[in-house]
Amino acid sequence: MARFIKTGKSEIELKEADSEIRETVSRIIRDIETQGDAAVRKLSEQFDKWSPVSFRLSESEISEIVSSLPKQVIEDIKFAQEQIRFFAEKQRASITDIEVETRPGVFLGHKNIPINSAGCYIPGGRYPMVASAHMSILTAKVAGVKRVIACTPAIHGKIPAATVAAMFLAGADEIYILGGIQAMTAMAIGTETILPVDIIVGPGNAFVAEAKRQLYGRVGIDLFAGPTEILVIADETADAEMVACDLLGQAEHGPTSPGVLITTSEKLAHETIKEIERQLETLPTADIAGVAWRDNGAIILVESEDEAIAEADKLAYEHVEVLTREPNVFLARMTNYGALFLGPETNVAYGDKVIGTNHTLPTMKAARYTGGLWVGKFLKNCTYQRCTPEASAEIGKYAMRLCEIEGFMGHKEQAALRVRRYDKK
């Protein structure tokens, strides 16, 4: 039976701040609805110390920013985008339009139609999330989205050059230096200078996530995102240094980021606790990672691989690293996860930055019902139908009777009209 070696804060404790966030976001959305660009500018000044003549970068400004970066930075961004583009193109190729003749003269089909416009949010703050540009903008472009706009905040009143370069190289049609709730709302509902989009995507802090939740319905979204999560599943073949390193690597995202170890080895469990304490002494981001581990870290000791799989599927975590003797067992049997990282040779950082899979993934148990951001998120699967006259008459007779069962007499008449017109018997 599974038992906890370490636990973090309870769910009730972690949700105490939610109501304040909801109220703040609701107020800001209302301000932007009524005041438009003026509200956006005021919020940008307040939160990002940024109030340019235009939030949208011109072509010349983008060119100057890209040119200012070292050649190696540009080459590294291009390498990462090559990997992500290649995998996204393979995913797109796997999504096909179909048309089938289900009965003589009855043709049904579907088309996968790209969304017309998308807004991509690239977080800034403590960490300029350069990789998020690849994951959202590039993926939308591979899907065939005509207009892709992107927002990223100024950092301490300055433009994040590497992020802008990544946005440009990924194919963004419009680039705005704009952050937070104001960016999400401006993209979703529009202002005097920003045309609204059909879907907003990308990670962000709790306020950005709440903005997406409140704007959903007026605009599409990719996911309801929470703090990043990592689960490491390990047996006695794993070593504590690697387990601790990988848990802390995700914990540095923020103080609310959960990290869990599920293991069949009690020895490894206790060694990992000690190793985390040791690594925190020298980790440059220990001020964040240490709090995340203290408040949200957990270690679960299980008796078997079967129990490990069951516990992992209950958690339904965003990132799941498998450091066991036979990692492919978990690939074959696990059902709830955002992305799997199989074996010690790979890790979450590869997926976050460069290897080619998308890093925008489900959190807060959403992996029970959805995967992460991919080209399919930017496509609408739209069905169609057509019939020959003879087939219409046949289907119409069934439809008449079925509509009458439900009491839909207007529906029945639609079918009856076709039967009268096309039934030659």
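Listed conditions (1) assigned to a helix (DSSP H, G or I); (2) at pLDDT 95 or above are all met by I21, apart from (2).
Could you list, in sequence order, all residues of segment 52-70 that are outside any helix (DSSP H, G or I) and over 27 Å from the mean Cα position of the chain (by Cα)?
Looking only at segment 52-70, we keep the residues that are outside any helix (DSSP H, G or I), and these are 52-58, 68-70.
Once the filter is applied, which keeps residues that are outside any helix (DSSP H, G or I) and over 27 Å from the mean Cα position of the chain (by Cα), segment 52-70 yields P52, V53, S54, S58, S68, L69, P70.
For segment 94-111, does any single residue satisfy the condition of being part of a helix (DSSP H, G or I) and either in contact (Cβ under 8 Å) with a residue 12 or more places away in the chain or open to solvent by 70 Å² or more (accessible area, probe 1.4 Å) (or both)? So far as segment 94-111 goes, yes, one or more of its residues are part of a helix (DSSP H, G or I) and either in contact (Cβ under 8 Å) with a residue 12 or more places away in the chain or open to solvent by 70 Å² or more (accessible area, probe 1.4 Å) (or both).
Here Y337 clears all of (1) touching a Phe, Trp or Tyr at 6+ places or on another chain (Cβ under 7 Å); (2) among the aromatic types (F, W, Y); (3) part of a helix (DSSP H, G or I) except the condition numbered (3).
Please pick out the residue among I175, I200, I149, I194 that is open to solvent by less than 10 Å² (accessible area, probe 1.4 Å) and part of a loop (DSSP other than H, G, I, E, B).
Sole residue among the options that is open to solvent by less than 10 Å² (accessible area, probe 1.4 Å) and part of a loop (DSSP other than H, G, I, E, B): I194.
Table: residues versus (1) touching a residue at least 40 places away in the same chain (Cβ under 8 Å); (2) open to solvent by less than 60 Å² (accessible area, probe 1.4 Å); (3) of a type in the set (G, A, S).
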position	(1), (2), (3)
E318	yes, yes, no
A339	no, yes, yes
G343	no, yes, yes
H359	yes, yes, no
A367	yes, yes, yes
G372	yes, yes, yes
K380	yes, no, no
Y384	yes, no, no
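Of the listed requirements (1) touching a strand residue (DSSP E or B) at 6+ places or on another chain (Cβ under 7 Å); (2) farther than 18 Å from Q250 by Cα; (3) polar (S, T, N, Q), T335 misses just one: (1). Beta carbons closer than 7 Å, at least 6 apart along the sequence or on distinct chains, pair a first residue in segment 62-88 that is touching a residue at least 24 places away in the same chain (Cβ under 8 Å) with a second that is aromatic (F, W, Y) and part of a helix (DSSP H, G or I) for I62/F168; V66/F168. The set of residues from segment 152-167 being farther than 15 Å from Y127 by Cβ and open to solvent by less than 20 Å² (accessible area, probe 1.4 Å) comprises V164, A165, M167.
Does segment 77-87 contain any residue that is more than 28 Å from the chain's Cα centre (by Cα) and open to solvent by 90 Å² or more (accessible area, probe 1.4 Å)? No.
The condition (being open to solvent by 10 Å² or more (accessible area, probe 1.4 Å), at pLDDT 95 or above, of a type in the set (A, V, I, L, M) and outside any helix (DSSP H, G or I)) is satisfied by just one residue among L331, L261, L283: L283.
Could you go through segment 232-240 and let me know if any residue there is under 30 Å from Y121 (Cβ atoms), assigned to a loop (DSSP other than H, G, I, E, B) and open to solvent by 20 Å² or more (accessible area, probe 1.4 Å). No, segment 232-240 has no match at all.
The values are calculated or read from the model by the stated rules, or taken from the named source; none is laboratory data. For clarity, every value in this text was computed on a predicted model and none was experimentally measured. Cβ coordinates were reconstructed from backbone atoms using ideal geometry, including for glycine residues, and neighbour counts include every protein chain displayed. Ligands, DNA and RNA are excluded from the accessible area calculation, which covers all protein heavy atoms including side chains. Shrake-Rupley method; radii C 1.70, N 1.55, O 1.52, S 1.80 Å.
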